[in-house]
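We did not get these values from a lab; they are worked out from the coordinates using the rules stated. Bear in mind the structure is a predicted one, so any value in this text is a computation, not a measurement. Positions of Cβ are generated from backbone atoms using ideal geometry, with glycine treated the same way; all protein chains shown enter the neighbour counts.
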Amino acid sequence: MRGNPGTAGVFDKIVSSKLFSSLAALFVILLFNVFLNPGFLSITIVNGHLFGQLIDILNRAVPVMILSIGMTLVIATGGTDLSCGALLALAGATAISLIRGGSAVLNSDTAMPFVLVIAITLAVTTLCGLWNGFLVAKLGIQPIVATLIFMTAGRGIAQLITGARNLTTGYAPFSVIGQGWFLLFPVPIFIAAGVCLVAWYFTRRTAFGLFVEAVGINASAARYSGINSSLIIMAVYAISGFCAGVAGLIYSSGIMCADANNAGLNYELDAILATVLGGTSMMGGRFYLAGSVIGSLIIMALTKSIYAFDVAPESALVVKALVVVIVVLIQSPFFKKRKFRKAGGPELELASDREGGR
Amino acid sequence: MEVPYHNVPKDDVLPKTSNVLLEVFDIEKTFPGVRALKRVNFALSEGEVHSLMGENGAGKSTLIKCLTGVYGFDGGRIVFQGREIRPESPLRAISMGISSVYQEVNLCPNLSVAENIFAGRQPMKGFFIDWKTLEERAAAVLARFDLDIDVRRSLDSYSIAIQQMIAIARALDISSRVLILDEPTSSLDKQEVEKLFEIIRRLRGEGIGIIFITHFLDQVYEISDRITVLRNGELVGTYKTEDLPKIDLVTKMVGKNFEDLAKVSRVRSASPGDVILALEEVSAYQSVENVSLELKRGEVLGFAGLLGSGRTETANLMFGIDRNSGGVVRLKGTAVKLASPREAIRGRIAFCPEDRKRDGIVGELSVRENIILALQARRGVFRFIPLRKQYELASRYIELLGIATPDADKKVNDLSGGNQPKVILARWLATEPEVMLLDEPTRGIDIGAKAEIMKLTLGLCQDGMAIAFISSELDEIVRISDRVIVMRDRAKIGEIEGDGLNQDNILRAIAGGGAK
Amino acid sequence: MERVKLRKTGGEKRKLGIDLKYIPALSAIALFLAAYAIGGILYGERGFLSMRTFATLFTDNAYLGVSAVGMTIVIISGGIDLSVGSVAALSTMMLAYGTEVLRWNSVLMLIVVLLTGMALGAFMGMLIDVFEVPPFISTLIGMFFARGLCFIISIQSITINDPLLRALGKWRIRLPAASRAAAYVNLSVFIFALVLAAGVVIMRCTKFGRGVYAFGGNRASAVLMGLPTRRIQIGIYTFNGFCSALAGVLFAFYTFSGYGRHLYGMELDVISSVVIGGTLLTGGVGYPIGSLFGIMIYSVILKFISFNGSLSSWWTKIAVGVLLLFFIALQRVTVVLVKRSKRELKRKN
């Protein structure tokens, strides 16, 4: 590195860190919003609840954020989980139909202990995830293909459960998950924080994260080192299923309705996007949970700023597309090579060329 | 030692009847930070087989890549058939008449043989491909190689050797004047190599200039007319094959004598310890048949044999990568089923695989993470090794094995080649194994690093570890082993120890004379 | 001596009768026939086997078929295209907006729509080839972009009243069928047939098509063999963009409307049909004709549901999911069998 090793080194390190670019992107979008709407940053307390655009972004980003946690782990193993949006819908359908318990009329009661409802819902989606993992790890089917099955069939099963109706419920405790407040903040934020914390602990304070990365970088070497690769792969898909379950509970509780067709539509794509925006490569390997969280916030902040323009919400997709183009182009090998060359680092091809040299 | 090369070749360096086909003058190639080729001169004549020799990093590949348009070059000239050329892509090079065939066949396995030969230049009938002509012409092209196969079948229904010949046929059919064969024999058996050489000789007769790269010295001497040696991106010299004894060639390639390796001789331990791992009549599907052997504490057991003789397969069986279908594997006397590497590791067995890039290093992870990987895997997900302890372990082994890295957090990919096998060794030492299986631990690293690895191996052995040492370098095996298992055709054909342990005896055993 | 040995290795796979790689495509055909026969047994008396029903298998899903031809080529090359539904929806929207709101000439509009689809495809192909963005991500970008563009053009659904477009959409010919109910074939079916024929010819008989196979079989080799990989890859996505746009046009003929919410999830149906039709998602193996049968299977499932009457439409999704699973497993088994026969071959050498 040029310059004095002290400040410049630290600065370089910060700038080149994976999180920096995504944080910078988030910052720019938030700044843009402040320009559009000077009141954007203001937060008020009403009835002991915090209200404001920032809180709203945080709150709305929760389902994708939780999905992206599972997705990050899946992508780190070199896979993709296309089914999580459909599993989110399936979770909503399962939970609400369990609460209704076959009763034809809308009532404010539950047919089954609430804890059991949650447990069964999460178990269902986790099992679906496990099935994805089984197809990938044991049968060696490509991840995109294996999860395509549940992406297609998941919503069908959800509709099977709800009888193709938009099942609603009036059971109040269920609404707490997606609409409740606790200590100034909406409950979903706490749930998301909890999921993130557990995920962080599980990946960085146990060897799980290391194993996931090892499998993602070189599955064969991982196996030779005694890592049970297929177990790891099955686990990440199961975790992704579990996350879809949690996100599905929050989502369906937010609208108190199981909408098999539209719940979490295209969320899997947003989750993949959040993960990639957060610096985890689609090729697998090193993963950045914090990056994915920031990525999901970027997506939501972006959507939010489009809404400020009073256009169809779907128009946000165009901007989303443009932002992704910019981000993937920055990350693309095409420009990396160029940048590298300028910096005077060793060329990529050379490394392999001299493989075995001293 | 340096034999200067002259741009105007002297008569005694050139075959008599030849015209210069391809000439390279003062070629320069610089990668950021490295001068990969330093004013190298090279000349290829019509109708000669010219071997390009050098250790890893000598600049062979770079030179080839400049010739075939994969890289551009920074200085110098390439003159081909009297005209200066500057191939800017492989495609251009091919159309000029310079083709290359690599070890991994660069064809498409899902297309038919005929299509592979004519891909991109299919005969057309109007807008459409004329399949009939294409197949007839493909058959005709292959007939030149005595290959009478069904050209309509997909390429992947044929063996690698045939695929390679198809690749050569394709290259030559695109009016090739210069044919570059980069490690073509690595995955061929002896017969197939013979067949290939037959074709090479015939092509030589037709006036084609052939650049041949291999690491099998015997093949160099069998086939080539001249040898050019590169070292560290510089030309060492060009020699007629018969004027360059093997030992001189090796000396020129490595630029130093074998002293380092010579130091690695040992006093054979008189009394090895008890048997740790034993195979009794072990067979496995498509692997080996009826192999029996014993691995003892404090002993190096060498495995000799040609590629594909069953050496690696035996190691795979001992490490649970393949499962045995017949026979018994005994670990410290107890019969065990090693169904996966995990179980082998639990039994304190360690394995440094042959293909380190594929099966060994996890390149994007740091040195530290690579070192603790196997130990952590044995402990399981939840018994996490605290970071402090990880750094301790890493620095201990970095020091012990002399791994050249600025710190433990460096990515293994960024280490140079010779250090990577050491990282894998460190990974296994961290698990404190009792049995260490080393499959070609010295392949692809320079001679200094080889000597280091071998010294380390002996050190481990003296500490009481049982070591299985697989190598295709007989010299290494003889130097390091207490006993040698000789394998051929997927079976053990002999065991040599004591005074009979020398290269001659091993060679004779491999060749079929029987051991002892 | 040597000659004999070589020929022997060549004949190794013969004993199985057919090349293993044809199995998925052949089983798609078999499955279609079986499903059709079962439908005949169950609902035969209600006209399942009638010419009319058979014709509707095509008329109802011709737009999917057109898209499937393009998708087959993409998947053979080892890629994937998630943007087809959105691009098709954009086509309906552009067509409706152009003819109804802007009052442009409908023929001109058709050309503009098709060119737009090709341009979008070319752009995605460029992202993939020049910038090395994975197909999954770059076509995801295309998907977002096209879908978003629909809503920028208009939030509403726009009805198409243009006389020429309506005439084209309504045009049909009666098939000389002997049954009571008259069977019709519309323009979409002819266009589908044309596109399918073009797909077959392109993939079988042109350098471009063979290049696609080579590219899907071994990318690095294709480059080293000197195939114009950039032209091929951008060509693939451009062609698929064309197919998507054309599918959108056919869908507009079918519904006479342009709407941003049209054809949500169409990419899933198309990809599933192509996979069910025997194209390997790993690339290198597949046939447009196989995809025809993939689409037919899909159509038959829809027919089953409509004939049954009591089954809901979501059974389609589950059935497609199950079929996908079946075919993916089948492909997997095929690959394993091929590998095993290869290993055997190696051992015998």
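Highest first, please rank the peptides C:30-39, A:145-154 by the mean number of other Cβ atoms sitting within 10 Å of their residues. Walk me through the numbers on the way to the answer.
Numbers: C:30-39: 16.4, A:145-154: 27.6.
Peptide ranking by packing, descending: A:145-154, C:30-39.
Below 8 Å, C-alpha to C-alpha, sequence gap of six or more: please give me the relative contact order for chain C in percent. All intermediate terms of the calculation are to be shown ahead of the outcome.
Details: 560 pairs, mean separation 116.6, N = 349.
Worked out over chain C, it gives 33 percent.
Charges at C-beta only: +1 for Lys and Arg, -1 for Asp and Glu. How large is the resulting dipole of chain C about its Cα centre, in Debye rounded to 20?
The calculation lands at about 1680 debye.
Cα-Cα over 31 Å: which of B:LYS422/B:LYS492; B:LYS29/B:LYS246; C:LYS207/C:LYS303; C:LYS170/C:LYS207; B:LYS190/C:LYS207?
Values: B:LYS422/B:LYS492 29 Å; B:LYS29/B:LYS246 29 Å; C:LYS207/C:LYS303 39 Å; C:LYS170/C:LYS207 38 Å; B:LYS190/C:LYS207 38 Å.
Violating the 31 Å Cα-Cα cut-off are C:LYS207/C:LYS303; C:LYS170/C:LYS207; B:LYS190/C:LYS207.
Calculate the FRET efficiency for B:GLU28 and B:GLU222 from the Cβ-Cβ distance with a Förster distance of 41 Å, rounded to the nearest 0.05. Mind showing how you got there, number by number?
On the way: r = 33 Å, r/R0 = 0.81.
Efficiency at R0 = 41 Å is approximately 0.80.
Arrange the following residues from fewest to most other Cβ atoms within 10 Å of their Cβ: B:GLU452, B:GLU473. Could you put the intermediate results ahead of the total?
Working: B:GLU452 19, B:GLU473 14.
Ordered from fewest to most neighbouring Cβ atoms within 10 Å, B:GLU452, B:GLU473 come out as B:GLU473, B:GLU452.
How high is the relative contact order of the range A:51-310, in percent, with contacts defined as C-alpha pairs under 8 Å that are six or more residues apart?
Rounded, it is 39 percent for the range A:51-310.
Take peptide C:122-135, look around each residue's Cβ out to 10 angstrom, count Cβ atoms belonging to other protein chains, and average those counts.
Working: counts 0, 1, 0, 0, 0, 5, 0, 1, 2, 8, 8, 9, 7, 0.
The mean count of partner-chain Cβ atoms within 10 Å per residue comes to 3.
Just to be sure I understand: with springs between alpha-carbon atoms less than 10 Å apart, which residue in A:PHE185, A:PHE35, A:PHE27 has the highest mean-square fluctuation in the Gaussian network model of chain A?
Highest fluctuation among the options: A:PHE35.
Quick query: amide H of B:ARG231 versus all other amide H atoms, modeled in the peptide plane; which residues come in under 5 Å with a sequence gap of 5 or more or a different chain?
Answer set, sorted by chain and number: B:VAL236.
Under the Karplus relation 6.51 cos²θ - 1.76 cosθ + 1.60, θ = phi - 60°, what is the ordered set of whole-Hz ³J(HN,Hα) values for the range C:313-321, x standing for Gly and Pro?
5, 5, 4, 3, 4, 5, 4, 4, x
Report, by chain and number, residues whose modeled amide H sits under 5 Å from the one on B:ARG488, excluding near sequence neighbours (fewer than 5 apart, same chain).
B:ILE493
Determine ³J(HN,Hα), in whole Hz, for all residues of the range A:170-186 in sequence, where each value follows from phi through the Karplus function 6.51 cos²θ - 1.76 cosθ + 1.60 and θ = phi - 60°; x replaces Gly and Pro.
Working through the residues one at a time gives x, 5, 4, x, 5, 5, 4, 4, x, 10, x, 10, 8, 6, 6, 10, x Hz.
If packing is taken as the average number of other Cβ atoms within 10 Å across a peptide's residues, how do C:80-92, B:173-185 rank, most packed first? Numbers along the way, then the final one.
Values: C:80-92: 29.6, B:173-185: 20.6.
Packing proxy ranking, top to bottom: C:80-92, B:173-185.
Which aspartates and glutamates, on any chain, are close to B:LYS252 with Cα under 13 Å apart, when same-chain ones fewer than 8 places away are left out?
Hits, sequence-local ones excluded: B:GLU2, B:GLU55, B:GLU234.
Once phi is turned into θ = phi - 60°, what whole-Hz ³J(HN,Hα) does the Karplus curve with 6.51, -1.76 and 1.60 give for every residue of the range C:204-211, x standing for Gly and Pro?
So the J values, rounded to whole Hz, are 8, 10, 10, 4, 4, x, 5, x.
Report, in degrees rounded to the nearest 10, the 0 to 90 angle that the Cα long axis of helix A:208-217 makes with the longest principal axis of chain A.
It is inclined by approximately 60 degrees.
Pop the C-beta distance of B:ARG121 and A:ILE330 into the FRET formula with R0 = 41 Å and round what comes out to the nearest 0.05. Write down the numbers at each step before the final one.
On the way: r = 39 Å, r/R0 = 0.95.
Here the calculated transfer efficiency is 0.55.
Can you list residues whose amide H is under 5 Å from A:TRP181's amide H, if they're 5+ apart or on another chain and H is modeled 1.01 Å from N?
Result for A:TRP181 returns A:VAL187.
Using only atoms on other chains, find how many Cβ atoms lie within 10 Å of each Cβ of peptide B:109-115 and report the average.
Details: counts 6, 13, 10, 2, 1, 0, 4.
So the per-residue partner count for this stretch is 5.
Separation between the B:ASP274 and B:LEU387 pseudo-spin-labels, each 7 Å from Cα along Cα→Cβ, expressed in nm?
4.4
Build a GNM of chain A with springs between Cα atoms under 10 Å: which of A:PHE309, A:PHE242, A:PHE51 gets the top mean-square fluctuation?
Of A:PHE309, A:PHE242, A:PHE51, the most mobile in the Gaussian network model is A:PHE309.
Please compute the contact order of chain B in relative form: average sequence separation of alpha-carbon pairs under 8 Å and at least six residues apart, divided by the residue count, as a percent. Display every interim value, and only then the final one.
Working: 1009 pairs, mean separation 73.9, N = 516.
Relative contact order of chain B: 14 percent.
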